[in-house]
Amino acid sequence: MYKVVIVGAGVGGSYLSYLLSKKGLDNIIFDFRAPHEKLCGGGVSYKTVAKFPIIDELPCPRKVVWKSTFISPKDRMVKVEFEKPLIIFNRRDLDHSLLNMARESGAHFRKEKVHAFTLEGDYWRISTETGDYMAEILVGADGALSRTRRKLNVPYMKGDYFFSLQCFLNVQKDFVIYKFFPDLEGYLWSFPRVDCLAVGIASKYYGRKNYNDMKERLFHFIERYYPEQTKRISMRGAYIPFFSAKKLQDVPICSKNWALIGDAASFVEPISGEGIYYAIYSAEILARCILGNELTLFQQLCMKHFGKNLVKAGQIFDYFYQAEFLETMVTMAEKSKAIRKILSEMVAGNIDYLSLKGRFRKDFFKVLYDFISDSDLATKKERISHLVKLFTNYLKL
Ligand SMILES: Cc1cc2nc3c(=O)[nH]c(=O)nc-3n(C[C@H](O)[C@H](O)[C@H](O)COP(=O)(O)OP(=O)(O)OC[C@H]3O[C@@H](n4cnc5c(N)ncnc54)[C@H](O)[C@@H]3O)c2cc1C
């Protein structure tokens, strides 16, 4: 009999297991393939290591990146240096270190798949291929397509996903690339790892037709920037949950004896697709709730600590991914330090979407000055009208 059973030893599950074990709470964690190279950019924002310094202290290799190139829908390029670095891990290394930390603190781990669970009185019976286990609290940390979530009857909604494709190239780089498209709600990334380059693309999911379209876009990017790599491409696909306001308000992610964390709870920032921070943060909140015997407060606390920012990001998603907005942001970044700062903060995960409007308002004249200062009269006029349109549209949101 265990106090807590955790399904999934990704970043969320292992971190939860570590926090519970450290406090002497008996828990068992199941994962049939952990640690594995989960499909992921592996980018860990500065916000994550600032809030959870233990992630930065993990004994595993990582690439620390300070530079980026943003490519607009019309292929304009701008280089942006970060104020805070982006830290990029191989997921196998990151997940392995976190799981080790949990095990060293006393967690039980079984490399097994959870096939089924049922509630028997006050206890969960969890079945794997090798046997049954009993526990008081069940935690679903089993990722974007969480079976635990489905079995607990927590619904997914239509259009609830991004679809993503990624491959690894045998290339060494020291900067990240973000490429936007005129007709895609998402972006393409190129993230340098310690031993390779992860190149991927993610877009809101509209069904099967996404697959070929995205594959082509990714292939063209590789062909253009790394032509010598086109023969060795092996793309893998995965879903990323799309967080929406409706989800956290209408859909339960906990009860008195179960909870969902990380991707299983759809905790991914919809504009950037950042999920590692939220998997770890939701694990930390859940650990506090379990240790304090306040499991039913978990959802409310997630909303309080980070949910509102995710909700806001979901609300401005459509606006953000308009070609005009992206084009103007990248164009303005060429000239404006204030806009480069916003982009750098977005990568660091430090953008507060709730106060972004106020920030735009405050920075308007600074951006305007940067943007038109070295232009001729005709360009100045064109840029001012562009900028005013962009800002007034944004302020209407
Ligand atoms: C292509 C792509 C790129 C991404 N890039 C980034 C990025 O750069 N930065 C970022 O912050 N986020 C990124 N994300 C999102 C990020 O990967 C996730 O948000 C994060 O991994 C969620 O962590 P988790 O612990 O909730 O789930 P996961 O890390 O997905 O872990 C779930 C675990 O559950 C296990 N499992 C599943 N079913 C069972 C079962 N029945 N029994 C036992 N075990 C089971 C799986 O094997 C897996 O190990 C990306 C996602 C994708 C798809």
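Readers should treat all values here as calculations from the given coordinates under stated rules, not as data from a laboratory. Please read these numbers as outputs of a predicted model, since none were measured by experiment. Methodologically, a virtual Cβ is constructed for each residue, glycine included, from the backbone with ideal geometry; neighbour enumeration extends over all protein chains shown.
Miscellaneous remarks
- Rg over Rh for the chain works out to 0.99, using Cα positions for both radii and the Kirkwood form for Rh.
- Computed from Cα positions, the angle between helix 308-320 and the longest principal axis of the chain comes to roughly 40 degrees.
- Nearest 10 degrees, 0 to 90: helix 11-22 Cα axis against the chain principal axis: 50 degrees
- The chain: angle of helix 356-372 to the longest principal axis, Cα-based, in degrees nearest 10: 30 degrees
- Using a simple spin-label model with pseudo-atoms 7 Å out from Cα toward Cβ, Q172 and K380 lie 4.9 nm apart.
- Candidates A116, A102, A333: whichever shows maximal mean-square fluctuation once the chain is modelled as a Gaussian network with Cα springs under 10 Å: A116
- Applying 1/(1 + (r/R0)^6) with r as the Cβ-Cβ distance of K113 and K3 and R0 = 30 angstrom yields a FRET efficiency of 0.85.
- The loop-placed chymotrypsin sites (Phe, Trp or Tyr not before Pro) in region 315-371, going by DSSP, include none that has at most 13 neighbouring Cβ atoms within 10 Å of its Cβ.
- In region 123-214, the trypsin sites (Lys or Arg not before Pro) that fall in loop regions by DSSP, at most 16 other Cβ within 10 Å: K158, R208
- Close Lys-Lys pairs in region 161-241, where close means Cα under 17 Å and separation is 8 or more or interchain: 4
- Alpha-carbon Debye profile of region 319-395, log10 I(q)/I(0) at 0.16, 0.17 Å⁻¹: -0.56, -0.63
- Region 293-360 versus region 57-134: alpha-carbon centroid distance in Å: 23 Å
- Under the simplified labelling scheme, the E104-K389 pair shows an inter-label distance of 5.7 nm, with each label point 7 Å from Cα along Cα→Cβ.
- Unit charges on C-beta of K, R, D, E only; dipole of the chain, Debye: 640 debye
- Peptides 1-12, 377-388 ranked from most to least packed give 1-12, 377-388, packing being the mean of other C-beta atoms within 10 angstrom over each peptide's residues.
- Qualifying aspartates and glutamates (Cα of each under 16 Å from Cα of K22; at least 8 residues distant if same chain): E104, E284
- Partners of K63 within straight-line reach, counting aspartates and glutamates whose Cα lies under 20 Å from its Cα and excluding those fewer than 8 residues away in the same chain: E37, E81, E83, D93, D95, D174, D195, E274, E345.
- Student exercise, region 256-386 dipole from Lys, Arg, Asp, Glu Cβ charges, in Debye to nearest 20: 520 debye
- If you count Lys pairs in region 319-395 whose Cα atoms are under 19 Å apart, skipping same-chain pairs closer than 8 places in sequence, the total is 20.
- Two-site FRET efficiency, K74 against R33, from Cβ-Cβ distance with R₀ of 35 Å, rounded to 0.05: 0.25
- R0 of 51 Å, Cβ-Cβ distance R125-R208: FRET efficiency to nearest 0.05: 0.85
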